[in-house]
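Beneath this line is the structure, given in structure tokens, with notes to follow.
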Amino acid sequence: MTTSPPAPVTETHRADDTLTRIAQDDWGDFSPSVYETARVHAWAPDLPGHRIRTEWLLKEQSADGLWGEGPTPYRLLPTLSVVDAFLRALTRHAPSLTDDDSARLTQATDAALTALTKLPSRGTLPDTAAVELLVPLLLTDVNKTLNELAARSSATVRLTAAHRRLGVIHSLAPADEHLLRKLAALPVLPTKLHHCFEALAPHCPPPPLPPAAGGHVLIGASPAATAAWLTVSPAPGGARAALTATGERYGQLFPEAAPLATFERLWVLAALLRAGLVAPTDPVARRLVLPLRRRGGVPGAPGLAPDADDTALMVHVATALGLDTDPHALTPFASDDHFVCYIGEDTGSVSANAHILTALWDTVPDPCSDPAIRATSNWLTRQQLPEGHWTDKWHASPLYATSRVCRALARSHHPDHRSALGRAGRWARDRQRPDGSWGVWQSTLEETAYGIQILRTTSPDDAVPALRKALRWITEHRANQSPHPPLWHDKTLYTPTAIIEAESRATVAEVGDLAEAP
């Protein structure tokens with residue numbers, strides 16, 4: 001008896017697996033966050049899994065005393081978060097600690113404080129979510145606890161770095177009285193600040209618990225904000241249950257935000273549909289998108305305000321699936337010459353406007369003469385940096401923003417836009433590593449996929465040798481995948497695993513014919 005060899009695993013098969021997985025998971029496949037996990041550790045020590053979080057945080061500390069990944073500026077906030085959590089444990093929960101626990105937490109905190117005092121006072125921090133509030137308020141909290149500890153003459157916790165109060169780090173100082181009074185004077189907390197309520201809890205009125213959606217509702221979609229909310233709300237029941245469920249889903253650690261299934265599904269579907277790996281008639285894809293079509297915009301998660309980025313992806317994906325969408329879904333986000341990502345935004349998002357431009361090209365009756373398309377295209381062109389690339393506040397790598405803008409501008413025939421694409425293509429070729437990969441800090445599958453997309457969009461004929469080299473690299477490394485390094489911005493860096501894998505699969509499918517071409 002003979003048996004047939006197993007069918008090869010194709011990109012379509014993998015796409016089917018991805019689609020099934022994201023359809024069955026209402027949470028999303030996201031990396032654990034040191035920052036969020038430490039905030040939950042600090043604010044909700046009685047929540048199930050506290051010991052697991054303690055051990056994980058201790059294990060995650062680097063040899064230099066800091067926590068987090070990426071360049072040092074990215075590591076300031078997660079380190080402050082853990083230091084504050086451990087100081088709280090050492091001072092306010094000391095009776096429940098064993099001698100060994102106390103010694104380990106003290107050693108880790110001492111090393112971190114020593115490292116923090118060596119960080120430069122000047123310099124800028126990455127444009128991550130609410131960094132201008134989170135760092136100053138955490139610096140203030142850490143210094144307050146250090147003062148409490150120093151005042152206890154009988155304290156059993158001895159920190160050699162305890163006398164070093166934290167000052168200005170990367171141009172951000174501890175919160176002053178003016179900021180604290182301003183926060184205390186807020187009659188209602190703006191929706192955009194719900195996501196960082198953990199820093200504001202001692203100073204601001206608590207936001208209301210958002211309506212339940214699927215049984216998992218966190219304050220501002222943030223585990224950290226919800227843990228802090230539990231300490232100030234007279235009726236924490238639903239929020240506590242949601243936080244407990246989040247911990248159970250992620251092994252008692254916590255991601256940057258949850259549940260993020262809407263964001264994940266839209267980005268995954270956009271990639272798979274682009275490459276033809278999902279058919280427009282696919283019933284699973286259509287079922288995922290149908291509930292998202294709404295006039296008021298789409299939030300990335302329950303508890304967040306609607307945003308233009310998710311709304312644009314909804315319009316784009318729904319159109320690709322042949323579903324009707326409200327043509328005015330993006331109207332609330334329109335500004336003078338571009339679109340804001342959310343109401344009250346401080347800095348514009350290049351990638352969000354690129355997604356909006358793509359959605360407009362998909363849906364407006366006469367795109368070549370549409371004023372919103374013209375204005376957004378021109379705004380994006382003006383944001384291009386002299387070297388030829390774009391950067392964005394939602395991602396650490398310029399390759400992400402540049403790939404998004406190039407795809408959006410590629411439909412335009414305006415000379416200025418074509419010139420911008422040419423500069424972007426030259427920039428990408430200059431940044432390609434000798435082995436064919438790309439990466440802002442190291443070679444990554446994700447960024448190599450973006451690099452391929454840029455070259456394919458801007459100069460497909462001239463870039464064939466570079467594309468082949470990149471295809472060989474990405475194919476080889478996808479076969480032996482290691483955890484994707486965090487490159488996406490929220491409060492700190494995180495990894496949306498399913499989105500990255502969908503991007504790499506789509507990219508390989510789009511340029512796979514180069515492997516066989518002469």
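Descriptive notes on the structure:
- Residue within segment 366-389 that is at pLDDT below 95, within 30 Å of T281 (Cβ to Cβ) and assigned to a loop (DSSP other than H, G, I, E, B) present: yes
- Residues that are touching a residue at least 60 places away in the same chain (Cβ under 8 Å), hydrophobic (A, V, I, L, M, F, W, C) and part of a loop (DSSP other than H, G, I, E, B) within segment 268-308 comprise A275, L277, V278, A301, L304, A305, listed in sequence order.
- When segment 411-432 is filtered for residues that are part of a loop (DSSP other than H, G, I, E, B) and buried (at least 16 other Cβ atoms within 10 Å of the Cβ), the ones remaining, listed by number, are R411, S412, Q432.
- Meets criteria (in contact with a Ser or Thr (Cβ under 7 Å, 6 or more places away or on another chain) and hydroxyl-bearing (S, T, Y)) for T457: no
- Members of segment 457-502 found to be among the acidic types (D, E), within 17 Å of Q432 (Cβ to Cβ) and touching a helix residue (DSSP H, G or I) at 6+ places or on another chain (Cβ under 9 Å), listed by number: D462
- Against the list (1) under 26 Å from the mean Cα position of the chain (by Cα); (2) more than 26 Å from W394 (Cβ to Cβ); (3) in contact (Cβ under 8 Å) with a residue 60 or more places away in the chain, the condition L87 fails is (1).
- Residue match in segment 319-327 (condition: at pLDDT 90 or above, crowded, with 24+ Cβ neighbours inside 10 Å and over 22 Å from H395 (Cβ atoms)): no
- Some residue of segment 309-322 being in a loop (DSSP other than H, G, I, E, B) and free of Cβ contacts under 8 Å to residues at least 40 places away in the same chain: no
- Of everything in segment 475-504 that is assigned to a helix (DSSP H, G or I) and under 29 Å from D127 (Cα atoms), the residue that is farthest from the chain's Cα centre (by Cα) is S504.
- Test: residue in segment 48-55 that is polar (S, T, N, Q) and exposed (fewer than 14 other Cβ atoms within 10 Å of the Cβ): no
- Residue within segment 75-82 that is surrounded by fewer than 22 Cβ atoms within 10 Å (Cβ to Cβ), under 26 Å from C196 (Cα atoms) and in contact with a His (Cβ under 8 Å, 6 or more places away or on another chain) present: no
- Restricting segment 337-381 to residues that are among the hydroxyl-bearing types (S, T, Y) and within 20 Å of D324 (Cα to Cα), the residue that is surrounded by the most Cβ atoms within 10 Å (Cβ to Cβ) is T358.
- Note on segment 115-151: residues that are among the β-branched types (V, I, T) and either over 30 Å from S397 (Cα atoms) or not assigned by TED's automatic domain parsing to the domain that holds P71 (or both) amount to 3.
- Conditions (1) farther than 30 Å from L77 by Cα; (2) among the small types (G, A, S); (3) buried (at least 17 other Cβ atoms within 10 Å of the Cβ); (4) at pLDDT 95 or above; number of the one not met by A463: (4)
- Of all the residues in segment 221-266, those that are part of a loop (DSSP other than H, G, I, E, B), on the phi > 0 side of the Ramachandran plot and modelled with pLDDT under 95 number 0.
Here is a yes/no grid of residues against (1) touching a Phe, Trp or Tyr at 6+ places or on another chain (Cβ under 6 Å); (2) in contact (Cβ under 8 Å) with a residue 24 or more places away in the chain; (3) in a helix (DSSP H, G or I):
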residue	(1), (2), (3)
A129	no, yes, no
V135	no, yes, yes
K144	no, no, yes
E148	no, yes, yes
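- Selection count where residues are at pLDDT 90 or above, among the β-branched types (V, I, T) and outside any helix (DSSP H, G or I), scope segment 329-363: 1
- Identity of the residue in segment 250-269, out of contact with any Ser or Thr (no Cβ under 9 Å at 6 or more places or on another chain) and among the aliphatic types (A, V, I, L, M), that ends up surrounded by the most Cβ atoms within 10 Å (Cβ to Cβ): L269
The values are calculated or read from the model by the stated rules, or taken from the named source; none is laboratory data. Not measured: the values here are computed from a predicted model. No Cβ is skipped: glycine too gets one built from the backbone with ideal geometry, and neighbour counts run over all protein chains shown.
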